[in-house]
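Please read the structure below before turning to the comments.
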Amino acid sequence: MRLVYASETPGRRGLDVYVTVVPGGRPRLLADVAGRDDFSPAWSPDGKLIAYRLNPVRGDEGDILVVPAGGGKPRNLTRSPAVADWSPAWSPDGRSIAFFSARDGGRDIWTMRPDGTGKRRLTDDAGLNEYPAWSPDGASIAFQTARAGEFEIFVMASDGSRPRNLTRHPSRDQWAAWSPDGRWIAFMSRRDGSDDVFVIRPDGTGARNVTRTPALEESHPAWSPTGELTFTRHGETGPISLWAVQPVGGKARRLRTIAEPVFAYDWAPR
């Protein structure tokens, strides 16, 4: 399985984007701009392109770019370096990219075509709305929002209508990821006292903790092409590791150990 991820490069300042094969592939540097963070990579549904965020090191302002998955010249889609644009997410049909933007004075979810045209605002709320995740059928988008104080996971129609609070919990809930079969939305939560990975049904029922490791920290849930729920695990001795688990009744297994911190990742489609 091919994996794209953002990580620190030893001896360099900032984050870079790498592509590798799990479990045993050698990382290949894909996006690297000196003094900048290359972050939040997302694979296109056809596997040919990778979208990512480029911004000043540990800064917010930046753009969303796309680059061929095999390497090549990146193309800037947003061209607004003074505005924060981040967290690109491809629609299942590859015809749209959802993303966060601070343009027009908001902190909202937008969409655009893969060539950067047709930008359209989906949310219009005073709170922070970010990290969109499409449903497999493209009809809905899950996202995290702080509109009610602490972060919650909301779901809305893909045109921005009918937003609803999915998690409804006083603890912090973040990093929504929709399962390939549409049955589950995974997210990270601190509701049990530490960062754990949970799943919940799209109607808001059936929330359950699938990691349950109070002494460890799990985050960045995603779904592999085989349908396993994957996540990063922190707090162990040594490097960060990537794990996988079945969403119901499965036992977690280690997929790979990555020498440098992993800040975001995505799986290539089959």
Which one of these is in a loop (DSSP other than H, G, I, E, B), of a type in the set (D, E, K, R) and touching an Asp or Glu at 6+ places or on another chain (Cβ under 9 Å): ARG26, ARG12? ARG12
Residues that are at pLDDT below 90, under 16 Å from MET188 (Cα atoms) and not in a loop (DSSP other than H, G, I, E, B), drawn from the range 226-240: ARG233, HIS234
Residue check, GLY62 at pLDDT below 95, in contact with a strand residue (DSSP E or B) (Cβ under 6 Å, 6 or more places away or on another chain) and crowded, with 20+ Cβ neighbours inside 10 Å: yes
Six or more apart or on different chains, Cβ under 6 Å: which pairs go from a residue in the range 33-48 that's more than 17 Å from GLY94 (Cα to Cα) to one that's basic (Lys, Arg) and modelled with pLDDT under 95? Could you list them? PHE39/ARG53; SER40/ARG53
Top-ranked residue of the range 143-164 - restricted to ones that are in a loop (DSSP other than H, G, I, E, B) and among the acidic types (Asp, Glu), ranked as modelled with the highest pLDDT: ASP159
Looking only at the range 56-99, count how many residues are in a strand (DSSP E or B) and farther than 19 Å from ARG36 by Cα. 6
Might you check whether a residue that is more than 18 Å from the chain's Cα centre (by Cα) and either surrounded by fewer than 20 Cβ atoms within 10 Å (Cβ to Cβ) or not in a loop (DSSP other than H, G, I, E, B) (or both) occurs anywhere in the range 127-134? yes
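The values are calculated or read from the model by the stated rules, or taken from the named source; none is laboratory data. Keep in mind it's a predicted model, so treat the numbers as computed, not measured. All Cβ positions, glycine included, derive from the backbone under ideal geometry; neighbour counts span all protein chains shown.
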